[in-house]
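Visitor: My questions all concern the structure below.
Throughout, read-outs are computed from the coordinates displayed, never taken from laboratory work. Not measured: the values here are computed from a predicted model. Heads up, the Cβs are rebuilt from the backbone with ideal geometry, glycines too, and the neighbour counts pull from every protein chain shown.
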There are 2 protein chains.
Amino acid sequence: MGNAAIGCEADQELPDAIDLTHHLNVLSRSRHPSPLKDIIKFMGYDGMISLAGGLPHPSLFPIHDASFTVSDPGGSDSQSTIKLDNKGASSQLLSAFLQYGNCTGNGELRKWCLDFTRKIHKPAYKDYEIILHPGNTNAWSKVVGLLCEKGDYILCESYTYPSSQALWIPNGNLAAPIAMDEEGILDTALEEALATWEHVHPGTKRPHVLYLVSVGSNPTGVTMGTERRCRIYDICVKYDIIIVEDDPYYFIQYPDLSSTAESEPYRLLPNDDFVSSLVPSFLRFDRQGRVIRLESFSKTLAPGLRLGYFVANPRFTERLLRATEVETQDPSGLSQAVVLALLERWTTDGYVSWLQSLRLEYQRRRDCMVAAIRDNLDLVPASEFPDLRAQGLVAAVRAAEGSARIPVFSFVTPTGGMFIWTKFYFSQNPQYQALKRQGAESDPEQAFASMLWAQFAEELVLLTPGSYYHPWQGPDKTSTSARGADPDTSHFRLTFAMTTKEDMELGIKRLAGVIQKSWGAV
Amino acid sequence: MGNAAIGCEADQELPDAIDLTHHLNVLSRSRHPSPLKDIIKFMGYDGMISLAGGLPHPSLFPIHDASFTVSDPGGSDSQSTIKLDNKGASSQLLSAFLQYGNCTGNGELRKWCLDFTRKIHKPAYKDYEIILHPGNTNAWSKVVGLLCEKGDYILCESYTYPSSQALWIPNGNLAAPIAMDEEGILDTALEEALATWEHVHPGTKRPHVLYLVSVGSNPTGVTMGTERRCRIYDICVKYDIIIVEDDPYYFIQYPDLSSTAESEPYRLLPNDDFVSSLVPSFLRFDRQGRVIRLESFSKTLAPGLRLGYFVANPRFTERLLRATEVETQDPSGLSQAVVLALLERWTTDGYVSWLQSLRLEYQRRRDCMVAAIRDNLDLVPASEFPDLRAQGLVAAVRAAEGSARIPVFSFVTPTGGMFIWTKFYFSQNPQYQALKRQGAESDPEQAFASMLWAQFAEELVLLTPGSYYHPWQGPDKTSTSARGADPDTSHFRLTFAMTTKEDMELGIKRLAGVIQKSWGAV
């Protein structure tokens, strides 16, 4: 199922990207190259004196050198020092990182990212390129600015990352959500949505952009397997869809809970085995250049660096560069300098070791949260409640000693990322039943979810309301029934990334307490 | 003329900003606050355990401390070390800067910027706010995203910064350039453009945004004086215009060349005298909150930091924050951390001393370039060539020993910034005369300017073509005659910021050599 299962052709046998420039929106097509480009090529002439570029003089930068104490990779507590100064190769001088960049990002760092992409993701075409960006929020903003016109529908998961929507909702775009299971969006649902588009949405343009967090999806925590990816890629070829792979959690993929019951659940693997165990990126199938991969160092190093990179076909990166010139310029040079120095110190192998340790740490946290749920509620396979048609596990309570279990919420054990996505079942909750009987609420599910959320907060445990992740399909499709969601259900998202083990256990205990009280359980 | 000339009312007597939200464009009005805001206020509750926010755990950041060797302010060569670590106040922990921010930027740094703004710029209203941004390129992009609709005209200087235009040209916006003299745009020309707008541009919306680099303008190098600012502000009140003050060179203001002939032209002043000598920001007149000031550390510290801040009325900063949440998030935390530590080490007074040394260094460079022009060409007051109606100085050559001077280019000695903006006169150039006689070129001025630029480049001196700075008024207004520019003239921009003294002198010598040859001079 993993990365190793895919045969890898030698680079020289791979095709170049096909021309997909018909996907570019009017704004993006209208951008002109900076006229300064004409000048820059002359700057390299031997003996040229440039009175052209308006750069401040580097002798006037007040920062002269820097040193950082950094972790050594591989899970040990040992640390090293990395230094940035003005000795050495010109592309790696601190003063070069403190100067204006060329908007693609530092060449050495881009080269590192290109090599890493080749080694780890093995794209199925040849001429992909890298340009740096200041984090995936900005990267997605630039992709929408590249591809989407006002009013376009955007294909997405049936629960999707709210900030990605908050960008395009004011632009008049609408979500076209695709149904999911425990492996993410269903290829069958995607095919049906596209095949029937004109019939279901007469007079609208069929979507041409698919936005996916396909590893450890936010909020659902699910990861798409290899065969599903292959089928989805083929559908995207058939219907000419650009896949935007927002993939901050790629290296935070987990084995099933069951296998963590082994004697050494948190064992470091040989790096090659670790990489082989990961599901492949969509790049692995991308023989045409229709995947735009948004890579981020936010989850693997630190979000405050505001650093990541695009992997995309050269026609797209050229247009992204035009946008970068006028919208952001380079990411912070300090961030670039530190990350380059760190990655060069670590080497690719060291970085993979780091990622593996990171993965194990989050895996411990995931297991700790699931264990805390098991300690405080009855946790049973979803198959014990066939009426729910749920997947994964169900947390249940009993109204009385020895009485039947009442299902409260189900979840699929996360196979990546930082989140447990719980689906709550309200039908056996007395407060909810009363609320529904009153008939005063047009959306009793949402009303009760808000009440329950407030009860959790009063008991000092904060969850994220599931409503934040509803795809925006317009103002007439916000209620539980209008969205076509299961009646008497609602969702909450829990994260296991940020709290200590003790707080996680206490938080789940409080959660269970509120549930028991609300469901009238013993 | 300077900052001290303006009476300063006590803060408590100042008005709040008026409501200028009718300037917001549809996109900006349509942005919703992040729903996570509801959660964030609960996070502060005593004992709250948050399973809500999806932040990576700071124990997993690989950078543990950092130290930087930095200049001491005040023009000495002494240096100090600043350290970032995880000890001390929680808002200044390195790990806090490596974490996701709240999109306004670090609170301590914003407070520093607010205090600095109050002390230096003394805005004429009370409730202005600061939010950080990753450099003025992005800041201007966010301002256009805040205020401008497709097709809007934007008021600007008659020669304007090309990257600011490159952002909005693809959006269908057009420039409404305002004529300038040696103090920047003319208040009379602005008033006339606005008063006659409906008559001159029937069926179009009168512009409501004025984009200015009013100190050391790029490319013209001119700085707007106090009285001019006051009159322009009043016109902007009368016609309800938002002033966007893109001001990276504010602290790089120069006295006239003449005064540098004093015994100590590069003397450090007492800081108060230095600040008083600077022309006031438009904020100083802004009793209504209609100035959006774009502050940048790019020219005062280093561009690679990608850090600056907005000063604007609170209704605008709230909308800019909404855009920041979905378009960029915070600037790099490392950049924020270093700048905060540096400014706190230096104190405001030290920063002003730093700015003063910086100003003197660029002043030396400006004077060096003017001296190099004087050494290689005849440099005389423009009044000696009344027919040119030029301001400042004219560089001339002679066709023969003892013959009359032929004017080649004029320029106003820069009163700020990094650039000398030269206006070339082609009418007495034999090559140009021949080109014009052939009649094959629809725009002989531009054609000859390109030839001349190439001749400079062949002799290994690069200038920036003036055409880069022509305001974009549509495809039918690009030629010299269609723009209404003076016939037989064209511009080049020279910078004195980046080269060594020796290279600057050699570059100007090469420039003069090409000129002498081309103008048939001895």
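Visitor: With +1 on the Cβ of every Lys and Arg and -1 on the Cβ of every Asp and Glu, and nothing else charged, how large is the dipole of region A:353-505 about its Cα centre, in debye rounded to the nearest 20?
Guide: Using only the charged Cβ atoms, the result is roughly 400 debye.
Visitor: In region B:144-275, how does Rg compare with the Kirkwood Rh, expressed as the Rg/Rh ratio over alpha carbon atoms?
Guide: My calculation puts Rg/Rh at 1.05.
Visitor: Could you tell me what percent of the DSSP beta bridges with both partners in chain B are antiparallel, to the nearest 5?
Guide: Values: 39 of 53 bridges.
Antiparallel: roughly 75 percent of the beta bridges in chain B.
Visitor: Using Cα atoms only, what is the angle between the long axis of helix B:501-518 and the major principal axis of chain B, expressed in degrees (0 to 90) to the nearest 10?
Guide: Result, in degrees: 40.
Visitor: Using a simple spin-label model with points 7 Å from Cα along the Cα→Cβ vector, what separation in nm is obtained for B:Asp38 and B:Gln433?
Guide: 7.9
Visitor: Please compute, for the alpha-carbon atoms of the protein assembly as shown, the extent along each of the three principal axes and give them in descending order in Å.
Guide: Projected onto its principal axes, the Cα set of the protein assembly as shown covers 115, 72, 62 Å.
Visitor: Now, a different point. Where in region B:77-93 does the amide nitrogen come within less than 20 Å of the point 7 Å from the Cα of B:Leu55, taken along Cα to Cβ?
Guide: It comes to B:84-93, nothing else.
Visitor: Sticking with this one: Would you mind ranking A:Glu327, B:Glu384 so that the residue whose beta carbon has the fewest other beta carbons within 10 Å leads the list?
Guide: On the way: A:Glu327 24, B:Glu384 14.
Lowest count first: B:Glu384, A:Glu327.
Visitor: Considering only DSSP states other than H, G, I, E and B, which trypsin sites (Lys or Arg not before Pro) in region A:289-395 qualify as loop sites with at most 11 other Cβ atoms within 10 Å?
Guide: Sparse-neighbourhood loop trypsin sites (Lys or Arg not before Pro): A:Arg389.
Visitor: Take the Cα pairs of chain B, get the Kirkwood Rh, then feed it into Stokes-Einstein at 10 °C and 1.306 mPa s and tell me D in µm²/s.
Guide: Details: Rh = 25.1 Å.
Estimated diffusion coefficient is 63 µm²/s.
Visitor: When the Karplus curve 6.51 cos²θ - 1.76 cosθ + 1.60 is applied with θ = phi - 60°, which whole-Hz ³J(HN,Hα) does each residue of region A:336-353 get, with x for Gly and Pro?
Guide: With coefficients 6.51, -1.76 and 1.60, one gets 4, 5, 5, 5, 4, 4, 5, 5, 5, 5, 6, 6, 4, 4, x, 5, 5, 4 Hz.
Visitor: Related question: What are the lysines whose alpha-carbon lies under 26 Å from the alpha-carbon of A:Lys238, with same-chain residues fewer than 8 places away excluded?
Guide: A:Lys122, A:Lys126, A:Lys142, A:Lys150, A:Lys205
Visitor: Could you name the lysines whose alpha carbon sits less than 22 Å from that of B:Lys436, not counting residues in the same chain fewer than 8 places away?
Guide: The reachable lysines, counting only those whose Cα sits under 22 Å from B:Lys436, are B:Lys423, B:Lys477, B:Lys517.
Visitor: Projected onto the charge dipole of chain A (+1 at Lys/Arg Cβ, -1 at Asp/Glu Cβ, origin at the Cα centre), which of A:Cys156, A:Leu268, A:Trp140 gives the Cα projection farthest towards the positive end?
Guide: Sorting the options by dipole projection puts first A:Trp140.
Visitor: Here is a further query. Give me B:His133, A:His201 sorted ascending by neighbouring Cβ count inside 10 Å, so fewest comes first.
Guide: In order of increasing Cβ crowding within 10 Å: A:His201, B:His133.
Visitor: Please arrange A:Asp247, B:Asp19 by counting, for each residue, the other beta carbons lying within 10 Å of its beta carbon, fewest first.
Guide: Neighbour counts put them in this order, fewest first: B:Asp19, A:Asp247.
Visitor: At a temperature of 10 °C and a viscosity of 1.306 mPa s, determine how fast region A:377-518 diffuses translationally according to Stokes-Einstein, using the Kirkwood radius over alpha-carbon pairs as Rh; express D in µm²/s, rounded to the nearest whole number.
Guide: On the way: Rh = 16.0 Å.
After rounding, the answer is 99 µm²/s.
Visitor: A further question on this structure: Using +1 at the Cβ of each Lys and Arg and -1 at the Cβ of each Asp and Glu in the protein assembly as shown, identify which of A:Gln165, B:Trp112, B:Thr324 lies farthest towards the dipole's positive end.
Guide: Final value for the positive-end residue is A:Gln165.
Visitor: Over all directions, average the projected area of the Cα convex hull of region B:191-253 and note it in nm².
Guide: Numbers: hull surface 19.2 nm².
It is 4.8 nm².
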